[in-house]
Each structure stands twice: as structure tokens, then as C-alpha cells.
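These notes concern the structure reproduced below.
Please treat every number below as a calculation from the coordinates, not as lab data. Computed from a predicted structure; not experimentally measured.
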Amino acid sequence: MSLDVSPALLEQAERGEVDEADFVDCVRTSLPYAWEMISSLVDELQAKGGPFADNQTPPPSEYERGQLLRALASDAIRGALQRHFGVRLAFQNCHRVAVFPLDSSVDERLGRFTSVRAQLLNQSPVLRDC
């Protein structure tokens, strides 16, 4: 299961539209490693500037890796996180998360980061099982 959904949030969903802030809070509490990873990268991007900020350190365990996978593989979760933080998210190799500003000036850099070439160059035998 991806998220620990409270009965109140489930009731919202059953009645119709869910308040996105409530959904984002559910993501924050359900996937704390993924949340911290993304929020720290957003902080780094805001502090240092540049075209993007990324993490290249593998998660400490499969539990944390699973949180990243669940957060970034779900269109709903990923979209909500992007809107909440005001960034675009990119993902490679089960751990390499990057945040890009919404500014179109970084579109070329985002394209290079998410290219087939970049994916191949980012391979490592250490990450073969992820």
C-alpha cells in the first residue's frame, strides 16, 4: 500500500473531490523519506540556484527506496508534490531524484537529465537490483 489514508480522507474521496492540501499531508506522513528527500532538494535549489538539484546517494534500505518509487511512480502523488513545491521532478535509477524549477530556461537541461543517453550513463553495477 502506498499511503496511510485516514478515515476522514477516505470519506472525502468517497464523497467526491479531495482537498489537495489534505492529500499532500497524507503523502508527507505516509512517505517521510521521499518527502524529506524532495523537500531538502527544493531547499538546496532555492539556496544555491542553478538549473537543478539532485540526490545521488542510494537510500539506506529497500524500505526508503520503496517510498521514492511509490512517490514518483504515481502520477497523482508526483503531480501533487510538483504543485506543492512548485518544481518539476525527475527520477533515475530508483534513487536519483532531481528537482527543476518551473522556469522554461531549464527545459534543455531537464531534457538532457531525462534522456535515454543520461539513463544509460547513470547505470552502475551497484544499482543493478533496484
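For the chain, what is the relative contact order in percent, using Cα pairs closer than 8 Å and at least 6 residues apart in sequence?
On the way: 136 pairs, mean separation 29.5, N = 130.
Taking the mean separation of contacting Cα pairs over the length of the chain, I get 23 percent.
Going by the alpha-carbon gyration tensor, a ≥ b ≥ c the square roots of its eigenvalues, is the range 52-101 rounded (a/c under 1.5) or, if a/c is not under 1.5, prolate (a/b greater than b/c) versus oblate? Intermediate results must be reported in sequence, preceding the final value.
Details: a/c = 2.47, a/b = 1.35, b/c = 1.84.
Oblate is the answer for the range 52-101, as a/c is 1.5 or above yet b/c matches or exceeds a/b.
If you restrict to DSSP beta bridges whose two residues both lie in the chain, what percentage is antiparallel, to the nearest 5?
100
State whether the range 23-74 is rounded, prolate or oblate according to the following rule on the C-alpha gyration tensor (a ≥ b ≥ c being the square roots of its eigenvalues): a/c under 1.5 gives rounded; otherwise a/b larger than b/c gives prolate, and the remaining case gives oblate.
On the way: a/c = 2.30, a/b = 1.45, b/c = 1.58.
Here the range 23-74 falls in the oblate category.
Enter the angle in degrees (range 0 to 90, nearest 10) between the Cα long axis of helix 20-30 and the first principal axis of the Cα atoms of the chain, meaning the one along which they spread out most.
With rounding to tens, the tilt is 70 degrees.
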